[in-house]
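Data first, discussion second: the structure below is written as structure tokens.
The values are calculated or read from the model by the stated rules, or taken from the named source; none is laboratory data. This one's a predicted model, so the numbers in the text were calculated from it and none came from an experiment. Note: ideal-geometry Cβ built from the backbone for every residue, glycine included; neighbour counts use all protein chains shown. Please note that ligands, DNA and RNA were not included when accessible areas were found on the heavy atoms of the full protein model with its side chains. Shrake-Rupley method; radii C 1.70, N 1.55, O 1.52, S 1.80 Å.
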Amino acid sequence: MRTLIVAHVFYPRFWPELAACIRNIDGDRDLIVTYVDGTSVVEARQNFPEAKFLLCENRGFDVWPFLQAVASVDLKAYDCIVKLHTKRDIEKDCDWGFNNCRFNGSAWRNYLLSFCRTPDAWRRTRAQLVRPGVGM
């Protein structure tokens with residue numbers, strides 16, 4: 001399975017966490033790192049020198065950079081696209097959530113990255129992605 005990983009860096013302090021998740025996504029893969037003006041991606045360039053780096057406008061939160069990234073490649077070359085992005089902690093006095101899940105502090109980010117947080121989690125995810133009829 002050939003995978004395109006698109007990682008958006010808006011909060012550079014969370015890059016190490018994202019980099020660890022990217023390393024768990026093994027196999028044939030390409031990495032595009034998007035970032036906004038004024039955001040340091042020095043560490044990302046050091047971690048993944050083979051990655052493509054795209055400076056993008058901060059429009060549509062992380063959606064516009066994602067669209068810019070996928071427009072820069074031949075999507076037919078990939079079986080799977082993984083979209084990752086840095087997310088800040090949610091203020092502790094916030095009581096935001098859905099489906100009886102609360103996302104205070106780092107819970108939201110942890111939930112969003114849970115599918116690739118460990119090599120085993122990624123293997124389970126990949127096993128689901130290759131099933132016939134699974135589109136996303």
- Message: Considering only residues that are in contact (Cβ under 8 Å) with a residue 12 or more places away in the chain and open to solvent by 40 Å² or more (accessible area, probe 1.4 Å), which ones fall in region 31-44?
- Response: D37, S40, E43
- Task: Scan region 40-65 for residues that are at pLDDT below 95 and touching a Ser or Thr at 6+ places or on another chain (Cβ under 7 Å) and jot them down.
- Result: C56, P65
- Query: On the given criteria, is A7 under 14 Å from the mean Cα position of the chain (by Cα) and either over 22 Å from R126 (Cα atoms) or open to solvent by 50 Å² or more (accessible area, probe 1.4 Å) (or both)?
  - Reply: no
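Within region 100-113, is even one residue of a type outside the set (G, A, S), at pLDDT 90 or above and buried (at least 19 other Cβ atoms within 10 Å of the Cβ)?
yes
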- Exactly one of D79, D74 is more than 18 Å from E17 (Cβ to Cβ), modelled with pLDDT of 80 or more and touching a Lys or Arg at 6+ places or on another chain (Cβ under 7 Å), and that residue is D79
